[in-house]
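Note sheet for the following structure.
The values are calculated or read from the model by the stated rules, or taken from the named source; none is laboratory data. A quick note: this is a predicted structure, and the numbers were derived from the prediction, not measured. Note that each Cβ is placed from the backbone with ideal geometry, even for glycine, and that neighbours are counted across all protein chains shown. Just the protein is used for accessible areas: all its heavy atoms, side chains included, with ligands, DNA and RNA removed. Shrake-Rupley method; radii C 1.70, N 1.55, O 1.52, S 1.80 Å.
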Amino acid sequence: MSKANTVIVLDFETTGLSPDYGDRAIEIGAVRIVNGKITDRFQQLMNPGRPIDSFIENYTGITNGMLKNASPCKDVMHSFADFIDGYNLVAHNASFDKRFLDAELSKISRNYTGQFACSMLMARRLYQDAPNHKLGTLVKYAKIRSEGVFHRALYDSEMTAKLWLVMLADISERSRVASIPFKLTQKLTKTPKKAVSQFLESC
């Protein structure tokens, strides 16, 4: 049985919102959590093969100059496919990151066996009184120490990982399940908000 505290937490920075419109990844960051501890990290810029616009430069802090000498997407994604092999995956707004992961891996004929869970959807169930469910807001809400800059892939993945572990502890306390199965987190993200307490009490 896969455990929710043994996962890869990942984050992409990209040229735009959707690979369906030709957008590409420009940075991938990830942390590996094993039994609730961060055991490894992955971070690489990647050259998408064309310039990025000023909005993306300002939003991420990643410049065309930084990407000029970066490895091409295909080389980085081969390495990343090896890094995530055999692990379940977590991301904040996971549908976004999953789309880019799927698109970039399909270009190099690689895949992965893990399943996805979304920390944003889980936070919407657990922290219904939070001002909003953006990563930065939730980090402050959960009183997680943060000293870096959001919208860089490794930092966002590290903050998501810390938030994920805090949420697992909260689930464990509310459900009295000591070791949270990954499938439980997936079910929680699909549970209606008004039914969350009942769901956790029944676990």
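Below is a table of values for the structure above.
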read-out	value
Strands (runs of 3 or more DSSP E) contained in region 1-82 and holding at least 2 residues out of contact with any Cys (no Cβ under 9 Å at 6 or more places or on another chain), over 20 Å from Lys98 (Cα atoms) and of a type outside the set (Lys, Arg)	37-45
Members of region 91-110 that are in a loop (DSSP other than H, G, I, E, B) and either touching a Phe, Trp or Tyr at 6+ places or on another chain (Cβ under 6 Å) or free of Cβ contacts under 8 Å to residues at least 12 places away in the same chain (or both)	Ser109
Scope region 125-159; condition in contact with a helix residue (DSSP H, G or I) (Cβ under 7 Å, 6 or more places away or on another chain) and among the basic types (Lys, Arg); matching residues	Arg125, Arg152
Matching residues in region 63-101 - criterion: being open to solvent by less than 10 Å² (accessible area, probe 1.4 Å) and either of a type in the set (Phe, Trp, Tyr) or at pLDDT below 95 (or both)	Phe80, Phe100
